[in-house]
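Student: Sending over a structure as structure tokens; questions will come in a sec.
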Amino acid sequence: MNDTKFWDKLRGKIYAGKGGWVPGEAVYSHGYSVMDDFIGRKSFFQVLILNVTGKMVEQRLADWIENTFIGVSWPDSRIWCNQIGSLGGALQASPVASVCAGVLATDSHAYGSAPFLAAVPSIVEALSKKKNGILPEEIVKAYSSSPGSPPVIVGYARPVARGDERIPAMERVTKQLGFEIGEHLALAYEISEVLLNKYNESMNIVGYIAAFLSDRGFSDKEIYRIYSMCVNSGVHGCYVESYEQVPESFFPLHCEDIDYQGKSSRPVPKVG
């Protein structure tokens, strides 16, 4: 017979350490009173980061992260996740269904928040190598699959453009908020310079955020979780725009517009 003692202790009960609501008393989160300590005293992003990481960060760091959210999500319906929001609007679906579907599409190794799971360990490992005397040129070379081939480093280069206009904008915010460049970000700039000189590629916003927040003690999973909903603003904007148009009018196609490369037409066998 299987031993179910562990599950029996949990049966019919929910154990929670993050917080909860005590009716008639208060709502708690990580030892704070939501109504007394948060509302009117802390920002939404401070509370979000607390709920994700257990850390109550200073206001200026919460402001920095909020500005990155603004920079990574805008209402351009050509962007993959935003297209899904637009399609939801065209079908008159609910904003919750449409925006959640768009956000779900960003849980990808190519874009969205999941690349932080690779970008953060990459810059942390690179810094360790640098401290052991390995030059940035050698660090970059290690990411090439074969001699002479361009290196593939998460946090650098972009699929449809060169450079990243969001980095100068965030550099301005970083300076305005009084943040210093830490050792991870300093190395990220060095790696970017090597890539720019040799391959005409440079750091992208994922690399910038990963290095900046690594300097402030955040792990890859914490950053991934903080940014898991970072595209919702742009998706929502595209959803609303499409919802307010004629239903089913977003990006219509004829069959001949599709470049089908599968098997050619064939007769359906008769039954019986």
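Student: Assuming residue 224 fulfils every condition listed in (1) of a type in the set (Phe, Trp, Tyr); (2) buried (at least 16 other Cβ atoms within 10 Å of the Cβ); (3) not in a helix (DSSP H, G or I) apart from one, which condition is it?
Tutor: (3)
Student: Right, here's the next one. Of everything in the range 227-238 that's part of a loop (DSSP other than H, G, I, E, B) and surrounded by 23 or more Cβ atoms within 10 Å (Cβ to Cβ), which residue is farthest from the chain's Cα centre (by Cα)?
Tutor: 231
Student: Return the total of residues in the range 149-177 being in a loop (DSSP other than H, G, I, E, B) and either closer than 19 Å to residue 124 by Cβ or open to solvent by 50 Å² or more (accessible area, probe 1.4 Å) (or both). Let's see the steps before the verdict.
Tutor: Taking the range 149-177 first, the residues in a loop (DSSP other than H, G, I, E, B) are 149-155, 157-165, 177.
Checking which are either closer than 19 Å to residue 124 by Cβ or open to solvent by 50 Å² or more (accessible area, probe 1.4 Å) (or both) leaves us with 150-155, 158-160, 162, 165.
Selection size over the range 149-177: 11.
Student: Considering only residues of the range 61-92 that are touching a residue at least 40 places away in the same chain (Cβ under 8 Å) and not in a helix (DSSP H, G or I), which is least open to solvent (accessible area, probe 1.4 Å)? Outline the logic, then answer.
Tutor: Going through the range 61-92, the residues touching a residue at least 40 places away in the same chain (Cβ under 8 Å) turn out to be 61, 63-65, 67-77, 79, 81-92.
Next, only the ones that are not in a helix (DSSP H, G or I) stay: 73-77, 79, 91-92.
Values: 73: 13, 74: 87, 75: 90, 76: 39, 77: 35, 79: 48, 91: 120, 92: 78 Å².
The selected residue is 73.
Student: Here's something else I'd like to know. Restricting attention to the range 204-221, which residues are small (Gly, Ala, Ser), open to solvent by less than 10 Å² (accessible area, probe 1.4 Å) and over 12 Å from the mean Cα position of the chain (by Cα)? Walk me through it before giving the result.
Tutor: Just the residues of the range 204-221 that are small (Gly, Ala, Ser), to begin with: 207, 210-211, 214, 217, 219.
From what is left, the residues that are open to solvent by less than 10 Å² (accessible area, probe 1.4 Å) are 207, 210-211.
Passing the criteria: only 211.
Student: Scan the range 191-203 for residues that are open to solvent by 40 Å² or more (accessible area, probe 1.4 Å), in contact with a Pro (Cβ under 9 Å, 6 or more places away or on another chain) and part of a helix (DSSP H, G or I) and jot them down. It would help to see each step written out before you state the result.
Tutor: Initial filter on the range 191-203 (open to solvent by 40 Å² or more (accessible area, probe 1.4 Å)): 193, 196-201.
After this cut, where a residue has to be in contact with a Pro (Cβ under 9 Å, 6 or more places away or on another chain) as well, the list is 193, 198-199, 201.
193, 198, 199 - these are the residues of the range 191-203 that are open to solvent by 40 Å² or more (accessible area, probe 1.4 Å), in contact with a Pro (Cβ under 9 Å, 6 or more places away or on another chain) and part of a helix (DSSP H, G or I).
Student: Still on this structure, please answer the following. Residue by residue through the range 112-122, note down the ones that are part of a helix (DSSP H, G or I) and open to solvent by 10 Å² or more (accessible area, probe 1.4 Å).
Tutor: Residues of the range 112-122 that are part of a helix (DSSP H, G or I), as a first pass: 116-122.
Matches in the range 112-122: 117, 118, 121, 122.
Student: Please specify each residue of the range 239-257 satisfying the condition of being assigned to a loop (DSSP other than H, G, I, E, B) and surrounded by fewer than 18 Cβ atoms within 10 Å (Cβ to Cβ). Break it down stepwise before answering.
Tutor: So the first thing to find is which residues in the range 239-257 are assigned to a loop (DSSP other than H, G, I, E, B), and the list is 244-254.
The answer is 244, 245, 246, 247, 248, 249, 251, 252, 253, 254.
Student: Out of all the residues in the range 16-60, which are hydrophobic (A, V, I, L, M, F, W, C), open to solvent by less than 60 Å² (accessible area, probe 1.4 Å) and closer than 30 Å to residue 179 by Cα?
Tutor: 34, 38, 45, 47, 48, 49, 50, 52, 56, 57
The values are calculated or read from the model by the stated rules, or taken from the named source; none is laboratory data. Every value quoted in this text rests on a predicted model; they were computed, and no experiment measured them. Virtual Cβ from ideal backbone geometry, glycine too; neighbours counted across all protein chains shown. The accessibility values were calculated without ligands, DNA or RNA, using every heavy atom of the protein model including side chains. Shrake-Rupley method; radii C 1.70, N 1.55, O 1.52, S 1.80 Å.
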